[in-house]
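Data first, discussion second: the structure below is written as C-alpha cells.
All of the numbers you see were taken from the coordinates with simple rules; none came from a lab. Quantities reported herein were computed from a predicted structural model and do not represent experimental measurements. No Cβ is skipped: glycine too gets one built from the backbone with ideal geometry, and neighbour counts run over all protein chains shown.
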Amino acid sequence: MAVIIDLDSVAVDNRTIRDLALQFPKIPFLSLSKERFHPELKDSIRDHIYACLTKPIDSEELNFWLKSIQEDKV
C-alpha cells in the first residue's frame, strides 16, 4: 500500500526519492525520522512524499495516513 522510508537509517537525497517515485508512480512514500525538519529534502517532501512522520511512530497517526492513502486511491 505504501513505502516507509526511514530517513535516519537510509542515506537519501532529492534525486534518489524522485527516481524512486518515477520508478513506482502508484506507490505513495511516507518518511520517518527523529528530526522534524529536513531542509535538504524540501523538494522531495513537497513533490513526492505523501506524509512525514516523527519517531517514535504514533500508531494512530500511521493508521490515519494509511487510510488517507486508501481513500485517495478510490
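For this structure, a couple of remarks:
- Residue count for the stretch 41-74 under the criterion of being surrounded by 11 or more Cβ atoms within 10 Å (Cβ to Cβ) and either in a helix (DSSP H, G or I) or touching a residue at least 60 places away in the same chain (Cβ under 8 Å) (or both): the result is 14.
- Residues in the stretch 13-40 that are more than 21 Å from residue 1 (Cα to Cα) and either assigned to a loop (DSSP other than H, G, I, E, B) or under 10 Å from the mean Cα position of the chain (by Cα) (or both): 13, 34, 35, 36, 37, 38.
- Any chance residue 73 is of a type outside the set (A, V, I, L, M, F, W, C) and closer than 15 Å to residue 3 by Cβ: yes
- Enumeration of residues in the stretch 15-50 that are touching a Leu at 6+ places or on another chain (Cβ under 6 Å) and of a type outside the set (A, V, I, L, M): 31, 33, 50
- Filter result (in contact with a helix residue (DSSP H, G or I) (Cβ under 7 Å, 6 or more places away or on another chain) and surrounded by fewer than 18 Cβ atoms within 10 Å (Cβ to Cβ)) within the stretch 14-28: 14, 18
- Scanning the stretch 43-74 for residues that are of a type in the set (Lys, Arg) and closer than 17 Å to residue 10 by Cα yields one hit, 55.
- Every residue from the stretch 54-74 that is hydrophobic (A, V, I, L, M, F, W, C) and under 15 Å from residue 29 (Cα atoms): 62, 64, 65, 66, 69
- Sole exception among (1) aromatic (Phe, Trp, Tyr); (2) surrounded by fewer than 11 Cβ atoms within 10 Å (Cβ to Cβ); (3) touching a residue at least 40 places away in the same chain (Cβ under 8 Å) for residue 37, by number: (3)
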